[in-house]
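A short worksheet on the structure shown next.
Only the coordinates and a few stated rules stand behind these numbers; no lab work does. None of these values were measured; they are calculated from a predicted model. Note that we place each Cβ from the backbone using ideal geometry, even for glycine, and neighbour counts take in every protein chain shown.
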């Protein structure tokens, strides 16, 4: 009787299996992680989407390229700071690791916050409208998020708790950071051919697909935009709603220090409220202008 070959990762109910999951490539002895490559591809794709939308709106696409050069740098720094702050216990005794981003540890919300602050500075120096530039920039941001989440796939991270649903993903335990393995996953540990596996929600996949839906809606809606800032609000509401429920599934949540509250989940829900208020306020101002005979 032949032995079924062991796999590193599989979607057990979809019949998809990867026997050897590589996390990177080596060029002249220098290792390049797929995570970094995918993040880079996401950034390039985001810039292309933004430049295309800028041209559609009659704006200077190169203006957004200039902004992107600053935003990418500061967003990476912001993403790292956010992660380290809310995971401080793992860095306080080895501060040099704060700068070791090759070992992982970037949080998208930190990048979004830093990117927003960069845009505030940029529009002031260029005398542009924050809301107008933001409406185009968020299209590139969510494009990058759609692609970038697949870096988590190759790193075997950003997954949820145990599930046996249609999209259940089974990962060889040895490939996973032990700090991400919850007691629930240990209680449902699977052993095949002497190899231990955990079976999880592929939350990176959920978020990528959700964001794709948000982007498609935004691309459809942009020609129907009623006021500057509306696309920003739609992004915040769309992404926030998805992230709020997906974050609740994850086993690697960053917490509000000793409170036990998932920081990204709380922030997501807050942004949904802010976005809803922004949409309501923008709609009210537009109706008021129309009633007064304005444009």
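Taking the C-alpha atoms only, the angle from helix 34-56 to the longest principal axis of the chain is near 20 degrees. Helix 203-221 and the long axis of the chain differ in direction by around 20°, with both axes built from C-alpha atoms. Using bins of 5 Å that start at zero, the share of Cα-Cα pairs per bin across segment 154-295 amounts to 2, 9, 14, 16, 14, 12, 9, 8, 5, 4, 3, 2, 1, 0, 0, 0, in whole %.
Among 10, 137, 52, 165, rank each residue by its count of other Cβ atoms within 10 Å, from fewest to most, as a rough exposure measure.
On the way: 10 20, 137 27, 52 15, 165 11.
Going from least to most buried by this count: 165, 52, 10, 137.
Put simply, the convex hull of the Cα atoms in segment 176-250 casts, on average, a shadow of 6.6 nm².
Computed from label points 7 Å out along Cα-Cβ, the spacing between residue 27 and residue 97 is 2.9 nm. Can you figure out the FRET efficiency of residue 281 with residue 128, using R₀ = 25 Å and their beta-carbon distance, to the nearest 0.05? That gives a FRET efficiency of 0.70.
Counting other C-beta atoms within 10 Å, which of 214, 274 has the fewest, and how do the rest follow?
So the residues, fewest neighbours to most, are 274, 214.
Each principal axis of the Cα cloud of segment 214-295 was evaluated for its coordinate range; sorted largest first, these ranges are 54, 26, 13 Å. Between the C-alpha center of segment 223-295 and that of segment 1-80 there is a gap of 25 Å.
Extension gain, residue 55 to residue 274: 0.36 nm times the residue separation minus the Cα-Cα distance gives 75.9 nm.
What value, in deg cm²/dmol to 500, does the helix sum -39500 (n - 2.57) over DSSP H runs of n ≥ 4 give at 222 nm once divided by the residues of the chain? If you can, show how the numbers build up before the last one.
Working: 9 runs with 164 residues, N = 295.
Rounded to the nearest 500, the figure is -19000 deg cm²/dmol.
With respect to the chain, whose longest principal axis is taken over its alpha-carbon atoms, helix 61-86 is tilted by about 50°.
Compactness of segment 15-145 is given as radius of gyration and Dmax, 17.4, 54 Å, from Cα positions. Build a GNM of the chain with springs between Cα atoms under 10 Å apart, and of 40, 238, 194 the one that fluctuates most is 194.
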